[in-house]
1. May I ask you to list pairs of residues, at least six apart or on different chains, whose Cβ atoms are under 6 Å apart, with the first in the stretch 320-336 being more than 14 Å from residue 393 (Cα to Cα) and not assigned by TED's automatic domain parsing to the domain that holds residue 365 and the second being surrounded by fewer than 16 Cβ atoms within 10 Å (Cβ to Cβ) and of a type in the set (A, V, I, L, M)?
2. Could you check the stretch 362-378 and list, in sequence order, the residues that are exposed (fewer than 15 other Cβ atoms within 10 Å of the Cβ) and either in contact with an Asp or Glu (Cβ under 7 Å, 6 or more places away or on another chain) or more than 20 Å from residue 400 (Cα to Cα) (or both)?
3. Only one of these conditions is not met by residue 219: (1) at pLDDT below 90; (2) of a type in the set (D, E, K, R); (3) assigned by TED's automatic domain parsing to the domain that holds residue 319. Which number is it?
4. In the stretch 225-255, what count of residues is obtained for those that are out of contact with any Phe, Trp or Tyr (no Cβ under 6 Å at 6 or more places or on another chain) and part of a loop (DSSP other than H, G, I, E, B)?
5. Mind counting the residues in the stretch 281-296 that are assigned to a loop (DSSP other than H, G, I, E, B) and either touching a residue at least 60 places away in the same chain (Cβ under 8 Å) or closer than 23 Å to residue 396 by Cα (or both)?
6. Would you mind telling me which numbered condition in (1) touching a Gly at 6+ places or on another chain (Cβ under 9 Å); (2) closer than 27 Å to residue 34 by Cβ; (3) assigned to a loop (DSSP other than H, G, I, E, B); (4) among the β-branched types (Val, Ile, Thr) residue 222 fails?
7. Do we have any residue at all in the stretch 263-273 that's crowded, with 22+ Cβ neighbours inside 10 Å and of a type in the set (Lys, Arg)?
Amino acid sequence: MRRKITAVLITVCMLVGMTPLFASAAGSISMPKELSDFLVAYEFGGQTEFDFRDPMQNAEKGGIMSSIVGHPTCVNYRTYPVSIPNTYWNGSDPMHWAERYGAYMTFDIYSTHWIAKNIFNISDEDISILVKRAYDTKQFYSYGGKYYLPMGGIGDLYREVEYSYKQQIGDYYYIKFSHYISAAANHVSNRDLLGTFYAVVKQKTINGKSYWTMYAHSEDPIDFNDVVAEADFFHDVKKNAYYRSAVEWAVEEGITNGTSPEVFDSLGGCSRAQAVTFLWRAAGSPAVSGSAGFKDVPAGQYYTQAVTWAVQKGITNGIDETHFGPDQTCTRGQIVTFLWRNAGSPNVSASVKFLDVPYSSYYLKPVAWAVQNNITKGMSADKFEPDRICTRAQIVTFLWRAMS
């Protein structure tokens, strides 16, 4: 069984690589062959729907992650930037699926996630969710640093693509194309239409190399303008995220940018230096004189003036008399305290419902103030989790609400 499937798969890979993917039919649009290979590889996995704005939309049926895992078996030398070694399952099956599927292929986890993030523009958070769903629905599973994908018979088929429509905004292409399969190359008179599809793609440079990347793919027309608008924003800040407006405000006001042009790092932690810098910028980046007097805040750092301003304004006194701890991660208790002091340390009723906010804590009044002013409601009905790392999404949201 394993030998037969191997032969069939190799045959199909060779045919895909040899097939002329641009027909000469009137009205067809010539596109780079590597783009056609990229789209064929995606269709090869049987996947039709994909939208980087909501990759979970079809996770229950087929699943984008399992499609990504399987595609490089044929065209990774042209389509994907990372070599993903694949071998057939050796018969040692810890999940006892071999009898059911007959054969497996293995793929490096790191490389697969690299492709999902960089080529399909899926955020780290969404990748984690997609992988979990793939495990739950037994699309594939991981073992020993590899993903294992069940393989079945494929069949000897040629794939051809004809482009009939193209629209462009900047570096983004909106393509309508017809995907055909046939038993022989260039067999235009005897071929079957697999389907007509739409895709939004972009060629971008990653680590000095140029690759085609996918933003949307559908059997139905796509809202091209909306996809492009979202693609030009941070991929890990979705439209319906509670922190979307806060991130837009922070970027527009020059308070912070992302950790890269495409990633805000919403779930990442924020250092004490970054937190007071956000506050200082939100206040208009006021000029300061003198220094904060901390040994770990040298002159000329991006946070030097911000720390000096925060100390002079009474927002923070550092972690001790001579150290600010700029690289220490800011906690939820610390950030609401910074905000409360920045607001003038208003007197509020020191009454909170959180069991983890003791009356002797320095953040009691800041937490009470933050709740009363709808800056935060805590992590649950009875827990604020003051010692938990405050994420970048939370910090800009707290700051946005406080400044509002």
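The values are calculated or read from the model by the stated rules, or taken from the named source; none is laboratory data. Worth saying up front: this structure is predicted, and the values here are computed from it rather than measured. Glycine gets a Cβ as well: all are built from the backbone with ideal geometry, and neighbour counts include every protein chain shown.
1. Listed pairs, sorted by first residue: none to list.
2. Listed by number, the list holds a single entry, 362.
3. With respect to (1) at pLDDT below 90; (2) of a type in the set (D, E, K, R); (3) assigned by TED's automatic domain parsing to the domain that holds residue 319, residue 219 is out only on (3).
4. Matching residues across the stretch 225-255 total 11.
5. Matching residues across the stretch 281-296 total 5.
6. Exception for residue 222: condition (1).
7. yes
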